[in-house]
Amino acid sequence: MSDGPHRSLPMRRPWKTVAEYADNAAFEVEEIREFILPALENDCQREIRREFLDDLRKVCADQEASLFKTNMRPVLEGLRRTANVGMECLVLDHAIHVAANGTSGRVAEKAVGQALNDRGASGIKQVEEHYLRKSSAKRAHNVRDRMEQAVTGTDFESMARRLLDGRQKSARKPSKRQGLDDGVKL
């Protein structure tokens, strides 16, 4: 007998925890949401270098402070030479798109926020595919729905702001239940 499909999930430990909580009906969507942010932060720590975020923030801040707005695309494309494959390229793609749409202000913050949203969506798809292989379709769709509800209510722009400011870890960790009084909310 298995402890659940989340055990054999080929993802990092934080994502396994998200899948475990989403699979268990005893946990509320808010509790699942508490574990999605650490999973995304873990992905960012592993895939986005501090130097890349500093360069992106500097490029965007210089443009936002400039009196005469110019096309940011060539400057952002210049960052692509140093960007690692994965989340850094995803952030750059979003930054180019946000800047091209004429969005003024906070281009870097919006780009990182959208990249985090995309990473959350791809994490959900990966968990669902694994559950489809290792469990039933009904269970997989239930896990996906619960994770999507949790991601939908997540504030990615505040997390992006924290990442760009250099504070990689969130201020609060998910609450841990320790006693009978910490049980299921009524």
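Taking the condition buried (at least 16 other Cβ atoms within 10 Å of the Cβ) and of a type in the set (Gly, Ala, Ser), does Ala121 pass? No: the conditions fail for Ala121. Screening the candidates Val91, Val98 for the property of being without any contact (Cβ under 8 Å) to a residue 24 or more places away in the chain, buried (at least 21 other Cβ atoms within 10 Å of the Cβ) and closer than 30 Å to Asp145 by Cα yields one hit, Val98.
Table: residues versus (1) over 25 Å from Lys110 (Cβ atoms); (2) surrounded by fewer than 18 Cβ atoms within 10 Å (Cβ to Cβ); (3) touching a residue at least 12 places away in the same chain (Cβ under 8 Å).
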{"residue": "Leu9", "(1), (2), (3)": "yes, no, yes"}
{"residue": "Arg12", "(1), (2), (3)": "yes, yes, yes"}
{"residue": "Asp23", "(1), (2), (3)": "yes, no, yes"}
{"residue": "Phe35", "(1), (2), (3)": "no, no, yes"}
{"residue": "Leu40", "(1), (2), (3)": "no, no, yes"}
{"residue": "Met72", "(1), (2), (3)": "no, no, yes"}
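Under the condition of being among the β-branched types (Val, Ile, Thr), over 12 Å from Cys44 (Cα atoms) and touching a Phe, Trp or Tyr at 6+ places or on another chain (Cβ under 9 Å), the residues counted in region 80-95 number 1.
Of everything in region 49-70 that is over 14 Å from Glu109 (Cα atoms) and within 24 Å of the chain's Cα centre (by Cα), the residue that is surrounded by the most Cβ atoms within 10 Å (Cβ to Cβ) is Arg49.
Each value in this text was obtained by applying a stated rule to the coordinates, not by laboratory testing. Given the structure is predicted, the values throughout are model-derived calculations rather than measurements. For neighbour counting, all protein chains shown are included, and Cβ atoms are generated from backbone atoms with ideal geometry for every residue, glycine included.
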